[in-house]
Amino acid sequence: MIYKKVDDILKKEINRQDTTVELIASENFASQAVMDLCGSVFTNKYAEGYSGKRYYNGCKYMDEIEDLATEAVTSLYECNFANVQPHSGVNANTAVYQALMKPGDVLMGMDLASGGHLSHGAPPTLSGKVYNAVTYGVNEDGLLNYEEIRALAKVSRPKVIVAGASAYPRQIDWKAFKDIADGVGAFLVVDMAHYSGLVAGKVYDSPLPYADVVTSTTHKTLRGPRGGMILWNNPDYSKKINSSIFPGTQGGPLMNIIAAKAQCYLEALEDSFKVYSKNVIDNAKVMAQTFEENGLPVLTGGTDSHIILIDLSKNKISGREAADKLEENGITVNKNGVPNDPRNFIETSGIRIGTAAETTKGHEKKWFTNLAKRIIIIINGN
């Protein structure tokens, strides 16, 4: 029996999720099967090590479920190797950096203010403290300038270049990044956390043909449990990456989460997931178009993914104020910076919107069009 104090909070959160319009780009709704596995008996078992090489006895079925997850994810992304043990995307990134670099090596990633992630070398984080981090950004239109990135790489000579972002709505040119990395002898690591479901659904280009290593979360557009994964093709990286996860940065894997990952990978292999992924992008495009046509500027002028960035730099309302106002009206988004943001990082001059969660609920383009119009009215205070 769940204690009443816990159950009361659980019921309130269930009600919030049922009655709120969820537009936070990093969130989604996992299937009941995924959630059931997160709370299954797999949570009771310690399984330090890897399949066939566990520290503890009694791991026969732990091996089977981890093997299943690994087989499913390598099939899903058409790659040779995978590690499904990372507890999060940050854990995956941390382990890959440790496998490919030494402390003090140059790590080149996207600037946080331009749409990058904390784990791509931001000063307050481990990646920014252990490694010599240099960052690239976007132009005034919010787009990556690959020639500027190439020039920076030639000057900084990074050991690792990280491609991928938390707030970049357009298709990233993985081949261009690979050419840049090869030109300076760097490893190319792609963090596709936001795009992994879209890649699985064949509606966003895969980085696997170009990247040395790919990391990701397993939730967001992939609709799995909260967790991480690492993918690669070159067998020479296997020992370094696996040992960097265990024992390098983690202890026992979360076998209940690995079981849920296996379920989500198998779900993503279904044809219905491709339909879902296409709908996610179609819904984002129609929202972006509606914003633009009604005077609410969209950074980059549109989207190729689930992400829409609203530019409020010329608006009286800040990103924080807009996000709070929308939440008061039953819509959750998150504040977000914009290029050359005139406001500080607490206030920001933008909001980030994502269509993955509400597409999971079955909503289509007309619904998203009407929602965009409602958002415009709320932000403009009409």
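How far apart, in nm, are the 7 Å Cα→Cβ label points at residue 324 and residue 282?
3.9
Normalising by the residue count of the chain, find the relative contact order in percent from Cα pairs under 8 Å and 6+ residues apart.
23
Considering only Cα-Cα distances, which of the following residue pairs are longer than 21 Å: 4/261; 159/239; 102/159; 335/373; 278/366?
Violating the 21 Å limit, Cα to Cα: 4/261.
For a footprinting-style exposure proxy, rank 6, 199, 96, 184 by other Cβ within 10 Å, fewest first.
The most exposed by this proxy come first: 6, 184, 199, 96.
Taking the Cα centre of the range 55-182 as origin and charging only Cβ (+1 Lys, Arg; -1 Asp, Glu), how large is the dipole, in debye to the nearest 20?
For this selection, approximately 520 debye.
Extending each Cα 7 Å along its Cβ direction at residue 8 and residue 64, get the distance between those two points in nm, one decimal.
4.3
What aspartates and glutamates could a cross-link reach from residue 325, if we take a straight Cα to Cα line under 15 Å and drop same-chain neighbours fewer than 8 places away?
Leaving aside aspartates and glutamates fewer than 8 places away in the same chain, those within reach of residue 325 are 22, 347.
Which aspartates and glutamates, if any, have their Cα less than 15 Å from the Cα of residue 178, not counting same-chain residues under 8 positions apart?
By straight Cα distance, residue 178 reaches 147, 148, 191, 205, 212.
Order by neighbour count: 59, 264, 79, fewest other Cβ atoms within 10 Å first, most last.
With the sparsest Cβ surroundings first, the list reads 79, 59, 264.
How do 117, 194 line up, fewest other C-beta atoms within 10 Å first?
Ascending Cβ contact count within 10 Å gives the list 117, 194.
So which helices of the chain fit the span-like rule, where a helix is a whole DSSP H run, its Cα atoms reach 18 Å or more along the axis, and its mean Kyte-Doolittle is at least 0.5?
Flagged H segments are 255-268.
Please give the Cα centre distance for the range 143-168 versus the range 362-382, rounded to the nearest Å.
35
Post the alpha-carbon centroid distance, the range 251-299 to the range 1-77, in whole angstrom.
18
Tell me, in nm to one decimal, what length is gained between residue 1 and residue 102 on full extension, where the rule is 0.36 nm per residue of separation less the Cα-Cα distance?
31.5 nm
Can you say what percent of the DSSP beta bridges in the chain, counting only those with both residues inside, are antiparallel? Round to 5.
55
Which one, 35, 46, 6, is farthest towards the positive end of the dipole of the range 1-51 when Lys and Arg carry +1 and Asp and Glu -1 on their Cβ?
So the residue we want is 6.
Could you pull out which residues in the range 311-349 have an amide N less than 20 Å from a spot 7 Å beyond the Cα of residue 15, following the Cα-Cβ vector?
327-332
So how strong a dipole does the chain carry about its Cα centre when Lys and Arg Cβ are +1 and Asp and Glu Cβ are -1, to the nearest 20 debye?
Once rounded to the nearest 20, the dipole reads 560 debye.
Considering the dipole of the chain built from charges on the beta carbon (Lys and Arg +1, Asp and Glu -1) around the Cα centre, which of 258, 186, 124 is farthest to its positive end?
Result: 124, furthest along the dipole toward the positive end.
Thinking of the range 299-381 as a set of Cα atoms, what percent of all their pairs are more than 16 Å apart?
Within the range 299-381, distances greater than 16 Å cover 52 percent of Cα pairs.
Bear in mind these aren't lab numbers, they're just calculated from the coordinates by the rules spelled out. No experiment lies behind these values; they were computed from the predicted model shown. Cβ coordinates were reconstructed from backbone atoms using ideal geometry, including for glycine residues, and neighbour counts include every protein chain displayed.
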